[in-house]
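The values are calculated or read from the model by the stated rules, or taken from the named source; none is laboratory data. These figures come from a predicted structure and were not determined experimentally. Neighbour counts run over all protein chains shown; Cβ positions are idealised from the backbone, glycine included. Surface areas here come from the heavy atoms of the whole protein model, side chains and all, with no ligands, DNA or RNA. Shrake-Rupley method; radii C 1.70, N 1.55, O 1.52, S 1.80 Å.
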Amino acid sequence: MKKSLVPVLLMVLFTWVLGTERADAFFQEEGQTEQNFNLYKGKVIDSESKKPLVFASLMVEKSNISTITNTEGEFSLKMPEDITDADIVVSFLGYKTQTISLDQLKNNKNRILMDVSVTELPEINISIPKDAESLVRETLKKKGQNYFDDPTLMTAFYRETIKKRRKNVSLSEAVVNIYKTPYTSPKQDGVKLYKARKSTDYSKLDTVALKLQGGPFNALFVDIMKYPEYIFSETSIGHYNFKFDRSTRVNDRLIYVVNFSQKETISDPLYQGKLYIDAENKILTSAIYSLNITDKELASKLFVRRKPRNAKVWPNEVAYRVDYREKNGKWYYGYSNVLLEFKIDWDRRLFNSVYTMTCEMAVTDWKKNMATDYPKSRDRIKSSIILSDEAIGFADPDFWGEYNIIEPEKSIESAIKKIQRQLRRANSSGGTSIP
């Protein structure tokens, strides 16, 4: 049972920040690089309600280039200059897939309107499984034929955000190379840090510094099909109840929706959520779930590795999401995110503190790893990495070059600009501390 819990991979460090400690965000001047790409921006919204569609997928046909929308439905897509007439496939769970041309994205204020897909009854040639649990078990067994079976080198964008209530406190971002092993291989994926930057405003941390241990691995291990042992191991899958929900569609495919939750007889904290499974080929296309944290004492022990002596730390919410993409009949990990909300009860203080930590990672390009290269131990990052300790500071807009990233939300952009202004004033006065 204990081995089946994802939280052992998600360690949160709560440490003291002394009043004299200096901020770890610095300016770094980057040399101007020659642009060899075109940037396209836009927004994906519901055609009727005009609400933004969060985490909608955009993929360039006849290539492996892709990106997703942020929490405001906005996206930015960088394309090599020699690609001028490609088509973009836009998809979102429960909506009709759209194919648009690059010409339609030349206006940076372009809006893509998506129509809700009406779910019809399955065609008679699709066999309906006898029960939801059997469907989930069959889906897990078929990963060898439905998911990538070749070593793959992926380029991905990773972001960590820490908020104190609604205010941004810390931002860390990175471009990483993922050495993805076949889905049937027991060998763990390797990750190599390519570029990283961060900014932390200690003036908002309330004398506590939060750090998320694991970095990109926190998002990578949410890949249920590659790492089923952390949620649906051979021993733990029988501890869940599975039930069918109303079906939906994605990429014009019929998708079974399976609700799952731990059985009442199980006391250890497990998960509850939804699995989205392709009805025809039994493929997990997406999963959205959360951890049962009813037992706050146990949940705190699972997550918090270190904390101040005069405070109690309780998790309020622990949620996960993973999305898969398809290429030439094979599926692969495309995007995932993790959300952790903590409440800190201080001794001899009237008010408590609430912090939210989020991390997300999106694959933006990939190719077959024909040479089956796998970085040596000294070159790849460890699963115990703390990204905020490795990143070098926020840099100018050319820092990311041609790499696709998740478009920052306006609140994050505002926080970055504010911290940068503070640093400019500090640097001009001869110091680097944030007042």
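Here's the yes/no breakdown for (1) in contact with a Cys (Cβ under 6 Å, 6 or more places away or on another chain); (2) open to solvent by less than 50 Å² (accessible area, probe 1.4 Å); (3) modelled with pLDDT under 90; (4) part of a loop (DSSP other than H, G, I, E, B):
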position: Val12; (1), (2), (3), (4): no, yes, yes, no
position: Gln32; (1), (2), (3), (4): no, no, yes, yes
position: Val44; (1), (2), (3), (4): no, yes, no, no
position: Val54; (1), (2), (3), (4): no, yes, no, yes
position: Lys62; (1), (2), (3), (4): no, no, yes, yes
position: Phe75; (1), (2), (3), (4): no, yes, no, no
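Which of the residues spanning the stretch 318-329 are at pLDDT 90 or above and open to solvent by 50 Å² or more (accessible area, probe 1.4 Å)?
The answer is Glu326, and nothing else.
For the stretch 336-344, check the following and say yes or no: at least one residue is out of contact with any helix residue (DSSP H, G or I) (no Cβ under 7 Å at 6 or more places or on another chain) and of a type in the set (S, T, N, Q).
no
Please verify whether Ser300 is touching a strand residue (DSSP E or B) at 6+ places or on another chain (Cβ under 8 Å), more than 15 Å from Leu93 (Cβ to Cβ), of a type in the set (Gly, Ala, Ser) and not in a strand (DSSP E or B), treating the condition exactly as stated. Write out each step before concluding.
Working: touching a strand residue (DSSP E or B) at 6+ places or on another chain (Cβ under 8 Å): yes; more than 15 Å from Leu93 (Cβ to Cβ): yes; of a type in the set (Gly, Ala, Ser): yes; not in a strand (DSSP E or B): yes.
Criteria met by Ser300.
At least 2 residues that are of a type in the set (A, V, I, L, M) and in contact with a Gly (Cβ under 9 Å, 6 or more places away or on another chain) in each: list the strands (runs of 3 or more DSSP E) lying fully within the stretch 311-403 that qualify.
On the way: elements: 311-327, 330-346, 353-368.
It comes to 311-327, 353-368.
For the stretch 274-310, which positions are closer than 20 Å to Glu360 by Cα, in contact with a Ser or Thr (Cβ under 7 Å, 6 or more places away or on another chain) and open to solvent by 20 Å² or more (accessible area, probe 1.4 Å)?
Tyr276
Limited to the stretch 59-76, what total is found for residues that are touching a Ser or Thr at 6+ places or on another chain (Cβ under 6 Å) and aliphatic (A, V, I, L, M)?
Residues flagged as touching a Ser or Thr at 6+ places or on another chain (Cβ under 6 Å) and aliphatic (A, V, I, L, M) within the stretch 59-76 amount to 2.
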